[in-house]
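Presented below is the structure to which this report refers.
The values are calculated or read from the model by the stated rules, or taken from the named source; none is laboratory data. Just so you know, these numbers come straight off a predicted model, no measurement behind them. Ideal geometry is used to build each Cβ from the backbone, glycine not excepted, and the neighbour counts take in all protein chains shown.
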Amino acid sequence: MSIPATHAASPSAPPLLDVRGVSLSFKGVKAISDLSFSVARGEICALIGPNGAGKSSLLNVLNGVYVADAGEVVFQGEHFRQIEPIDAARRGIARTFQNNALFRKMSTLDNVLTGLARHTRSGLLSQALRLPGARREEARLREKAEAILDFLDLQAYRDFTVGSLAYGIQKRIELARALVSSPTLLLLDEPLAGMNAREKAEMSAFVRDINRDLGITVVLIEHDVGIVLSLSDHVVVLDYGRKIGDGAPDAVKSDAAVISAYLGAVH
């Protein structure tokens with residue numbers, strides 16, 4: 001089964017994602033303050049900033065885990081103050097996490113299949129009775145999972161228990177689980193964290209392939225500034241929940257406020 005690609009919008013098209021005046025606090029402490037930025041369809045947008053800058057909190061707002069105190073999110077032209085995670089998934093927003101959220105005692109294939117659980121149409125009774133419609137749907141979902149395993153070079157680990165695999169492979173499996181639902185927007189929370197240089201290069205190449213070959217828009221959090229500058233089309237810099245930089249990588253890396261708050265401390 002081939003993986004269908006989405007098509008990039010023309011330069012004059014409205015953004016795929018528009019964050020408008022979003023604020024979020026926890027027990028009175030501001031995590032995000034009046035944050036606004038846009039992500040064009042088909043681009044790779046990186047969120048960078050020191051630990052505690054509000055990056056992961058923002059991803060949690062975008063996929064419905066947190067509800068913003070103020071502001072709204074516009075996704076594919078629809079306005080949301082609040083969205084449930086299951087609704088976000090069904091609308092085409094997929095997410096990975098800083099720490100692998102995999103089922104360690106299940107196989108690679110079965111972990112990837114869990115990424116389709118929110119997209120099944122047959123009911124529990126149909127599945128339990130193995131009715132023809134349920135069997136056809138199961139075959140279709142397995143075909144999608146196998147295609148993603150091929151795309152991310154994971155077929156060699158298809159039947160392995162996830163907990164027995166190397167950390168870098170597990171990160172790729174979590175990426176496969178997010179990707180299998182054919183999202184329009186892929187949110188990656190530190191996909192390169194804990195990897196060595198070779199693993200980082202491999203994962204970066206897969207992110208490029210996902211964006212270029214499948215046409216999926218990517219928003220990622222990453223601390224390796226060198227990779228961010230080479231991988232991204234667009235960089236948003238946060239510092240204590242405030243936006244201090246927003247633009248093309250070359251423009252952001254030469255911005256005095258960004259250098260003072262963040263890049264100047266990175267070697």
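Going by the conditions given, is residue 61 among the β-branched types (Val, Ile, Thr) and touching a strand residue (DSSP E or B) at 6+ places or on another chain (Cβ under 7 Å)? So residue 61 passes the test. Checking each residue of the range 38-46 against the condition of being in the same structural domain as residue 214 (by TED's automatic domain parsing), in contact with an Asp or Glu (Cβ under 7 Å, 6 or more places away or on another chain) and outside any strand (DSSP E or B) gives at least one match. Give the range 180-202 a look and list any residue that's of a type in the set (A, V, I, L, M, F, W, C) and modelled with pLDDT under 95, or say none. Passing the criteria: 180, 192, 193, 195, 197, 201.
Return yes when residue 74 is surrounded by fewer than 20 Cβ atoms within 10 Å (Cβ to Cβ), out of contact with any strand residue (DSSP E or B) (no Cβ under 7 Å at 6 or more places or on another chain) and of a type outside the set (Lys, Arg) and no when it is not.
Working: surrounded by fewer than 20 Cβ atoms within 10 Å (Cβ to Cβ): yes; out of contact with any strand residue (DSSP E or B) (no Cβ under 7 Å at 6 or more places or on another chain): no; of a type outside the set (Lys, Arg): yes.
Taking the combined requirement at face value, the residue does not satisfy it.
Of the candidates 97, 26, 80, the single residue that is of a type in the set (Phe, Trp, Tyr) and either modelled with pLDDT of 95 or more or more than 26 Å from residue 181 (Cβ to Cβ) (or both) is 26.
Which of the residues spanning the range 77-94 are out of contact with any helix residue (DSSP H, G or I) (no Cβ under 6 Å at 6 or more places or on another chain) and surrounded by 14 or more Cβ atoms within 10 Å (Cβ to Cβ)? Working first, answer last.
Looking only at the range 77-94, we keep the residues that are out of contact with any helix residue (DSSP H, G or I) (no Cβ under 6 Å at 6 or more places or on another chain), and these are 77-85, 87-88, 90-93.
Residues satisfying the conditions are 80, 83, 85, 87, 88, 91, 92, 93.
Looking at 222, 202 in this structure, which one is charged (D, E, K, R) and buried (at least 20 other Cβ atoms within 10 Å of the Cβ)? Quick ask: steps written out before the conclusion?
On the way: 202 fails: buried (at least 20 other Cβ atoms within 10 Å of the Cβ).
Residue meeting the stated conditions: 222.
Look at (1) at pLDDT 90 or above; (2) part of a loop (DSSP other than H, G, I, E, B); (3) not acidic (Asp, Glu) and you find that residue 147 fails only one, number (2).
The set of residues in the range 33-46 that are touching a Phe, Trp or Tyr at 6+ places or on another chain (Cβ under 9 Å) and among the hydrophobic types (A, V, I, L, M, F, W, C) contains only 45.
Going by the conditions given, is residue 162 closer than 25 Å to residue 43 by Cβ, of a type outside the set (Asp, Glu) and surrounded by 18 or more Cβ atoms within 10 Å (Cβ to Cβ)? No.
Picking from residues in the range 35-56 that are of a type in the set (S, T, N, Q) and in contact (Cβ under 8 Å) with a residue 60 or more places away in the chain, the one that is surrounded by the fewest Cβ atoms within 10 Å (Cβ to Cβ) is 36.
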